[in-house]
1. Going through A174, A200 one at a time, which residue ends up being in contact with an Asp or Glu (Cβ under 7 Å, 6 or more places away or on another chain) and either open to solvent by 40 Å² or more (accessible area, probe 1.4 Å) or among the small types (G, A, S) (or both)?
2. Within the range 143-169, can you find the residues that are open to solvent by less than 10 Å² (accessible area, probe 1.4 Å) and not β-branched (V, I, T)?
3. Within the range 58-92, restricting attention to residues that are outside any helix (DSSP H, G or I) and within 18 Å of V138 (Cα to Cα), which residue is farthest from the chain's Cα centre (by Cα)?
4. So which helices (runs of 4 or more DSSP H) stay within the range 279-352 end to end and still have 3 or more residues that are among the hydrophobic types (A, V, I, L, M, F, W, C)?
5. Here is a check on your reading of the model: is V134 in contact with a helix residue (DSSP H, G or I) (Cβ under 7 Å, 6 or more places away or on another chain), open to solvent by 20 Å² or more (accessible area, probe 1.4 Å) and on the phi > 0 side of the Ramachandran plot?
6. Does the range 230-255 hold any residues that are open to solvent by 30 Å² or more (accessible area, probe 1.4 Å) and free of Cβ contacts under 8 Å to residues at least 60 places away in the same chain, and which are they?
7. Say whether the condition of being at pLDDT 80 or above, closer than 23 Å to C250 by Cβ and either touching a Ser or Thr at 6+ places or on another chain (Cβ under 8 Å) or open to solvent by less than 80 Å² (accessible area, probe 1.4 Å) (or both) is met by at least one residue in the range 347-362.
8. Take residues that are within 23 Å of the chain's Cα centre (by Cα) and tell me which of the helices (runs of 4 or more DSSP H) falling wholly in the range 113-195 contain 3 or more.
Amino acid sequence: MENIDDFSPEKVSGPPAPPTPPPVKSMDLFMQRSNSFVSKATRDSWDRMFDEAHGADVLIHTVDNGLIYAHSNVIGMASDVIRGMMKQHKRKSHRKSISILGVPHDAVRVFIRFLYSSCYEKQDMEDFAMHLLVLSHVYVVPHLKRVCESEFEKILLNKENVIDVFQLALLCDAPRLGLLCHRMILKNFEEVSTSEGWQAMKESHPRLQKELLRSVAYELNSLKQRNRKQKEIQTYTQLYEAMEAFVHICRDGCREIGPTKTETPHVSCGFQACNGLEQLLKHLAGCKLRSIPGGCSRCKRMWQLLELHSRICLDSEQCKVPLCSSLKERMKTQSRKDEKRWKLLVKNVLSTKRIGGSPFFLQAIDVTL
């Protein structure tokens, strides 16, 4: 069996998750007995064959001197590994003998019963899912492995056992289950890191613990970057909408400002930024602090919005937005550093909506001209 230190979370989380197991068809009988497609009479025959061990020719040794009787033809057809083990038995007695150790006796019994009928009891799966996953990997029973993975994915995986299941998934070549565990660990790291499984892994496999800590740090950093990017996009979107509202107010009029004022000042229009911009324009017109050194923060914000519009507008000569042409002339005297910063801002604002051609706010030109 592979050394668990040869695995890392990146190997699990790198490629996309394998597809979910296919839906169970009539020929796939690895189901709970209560839901099996096989008739009750057939299941009863399998149970009697296993329980009564009539004609059994294989003796399976388990932990604590446990014994299980089985039929070589049945378990040999279900597992090539077990068939090979039986071939290595050189005694001439009518019964062959193999050993399945390292897991509880009852787990081995559930495993062998599954080889007969491909069915299982719900409680047995809940009690021995981890052991059955190991047995399915060691003795190459792929359909049992799919059952175990599916049960963990649906109901059995939780914050208490996720570390143990994650380590088993790495050892048992179950990449989808490993990826699911890895995601749960990252999502619930604070709780998982206090579990008994985490403490045991810290002592037995410190390298894997370091890899998980590295994954957590990477995920947190990625989350911060995504949040920062989202906030930037939100800011550029708001600026985009403000530029549209600017043109709307100065060219068409809205509420209390513009060429044509509405009769109902509080009626809402299609531009969400209108109300805030109207308040800023009214403040700018009457502010007494704008000419004082240090100035007014609201006025500075208004001047910045006006300059942003002038840098976007294509035809300042016919534009109705105040100071559009004057601010465009002032650009020529700005430093290269300021010019570079403004160009980047304009680029980000225009790319926010991924527009094609000239958007509404590019030209604040009176349509009657």
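1. Working: A200 fails: in contact with an Asp or Glu (Cβ under 7 Å, 6 or more places away or on another chain).
Being in contact with an Asp or Glu (Cβ under 7 Å, 6 or more places away or on another chain) and either open to solvent by 40 Å² or more (accessible area, probe 1.4 Å) or among the small types (G, A, S) (or both) holds for just one of A174, A200, which is A174.
2. Going through the range 143-169, the residues open to solvent by less than 10 Å² (accessible area, probe 1.4 Å) turn out to be 144, 147-148, 152, 162-163, 165-166, 169.
Across the range 143-169, the qualifying residues are L144, C148, F152, F166, A169.
3. Keep residues of the range 58-92 that are outside any helix (DSSP H, G or I), which gives 58-62, 66-71, 79, 88-92.
So of that shortlist, the ones also within 18 Å of V138 (Cα to Cα) come out as 60-62, 79, 88.
On the way: I60: 44, H61: 44, T62: 41, S79: 36, Q88: 47 Å.
If we take residues in the range 58-92 being outside any helix (DSSP H, G or I) and within 18 Å of V138 (Cα to Cα), then Q88 is farthest from the chain's Cα centre (by Cα).
4. Working: elements: 297-312, 324-330, 336-352.
Counting at least 3 such residues, we get 297-312, 336-352.
5. Values: in contact with a helix residue (DSSP H, G or I) (Cβ under 7 Å, 6 or more places away or on another chain): yes; open to solvent by 20 Å² or more (accessible area, probe 1.4 Å): yes; on the phi > 0 side of the Ramachandran plot: no.
Judged against the criteria, V134 is not a match.
6. Q230, K231, Q234, T235, Q238, E241, D252, R255
7. So the first thing to find is which residues in the range 347-362 are at pLDDT 80 or above, and the list is 347-351.
After this cut, where a residue has to be closer than 23 Å to C250 by Cβ as well, the list is 349-350.
From what is left, the residues that are either touching a Ser or Thr at 6+ places or on another chain (Cβ under 8 Å) or open to solvent by less than 80 Å² (accessible area, probe 1.4 Å) (or both) are 349-350.
Within the range 347-362 (the criterion being at pLDDT 80 or above, closer than 23 Å to C250 by Cβ and either touching a Ser or Thr at 6+ places or on another chain (Cβ under 8 Å) or open to solvent by less than 80 Å² (accessible area, probe 1.4 Å) (or both)), the answer is yes, since at least one residue qualifies.
8. Numbers: elements: 122-138, 142-151, 162-171, 175-187, 189-192.
Passing ranges, in order: 142-151, 162-171, 175-187, 189-192.
The values are calculated or read from the model by the stated rules, or taken from the named source; none is laboratory data. On a predicted model such as this, the values are computed, not experimentally measured, just so you know. Neighbour counts are summed over all protein chains in view; Cβ atoms, including those assigned to glycine, are modelled from backbone coordinates with ideal geometry. All accessible areas refer to the heavy atoms of the entire protein, side chains included, with ligands and DNA or RNA removed. Shrake-Rupley method; radii C 1.70, N 1.55, O 1.52, S 1.80 Å.
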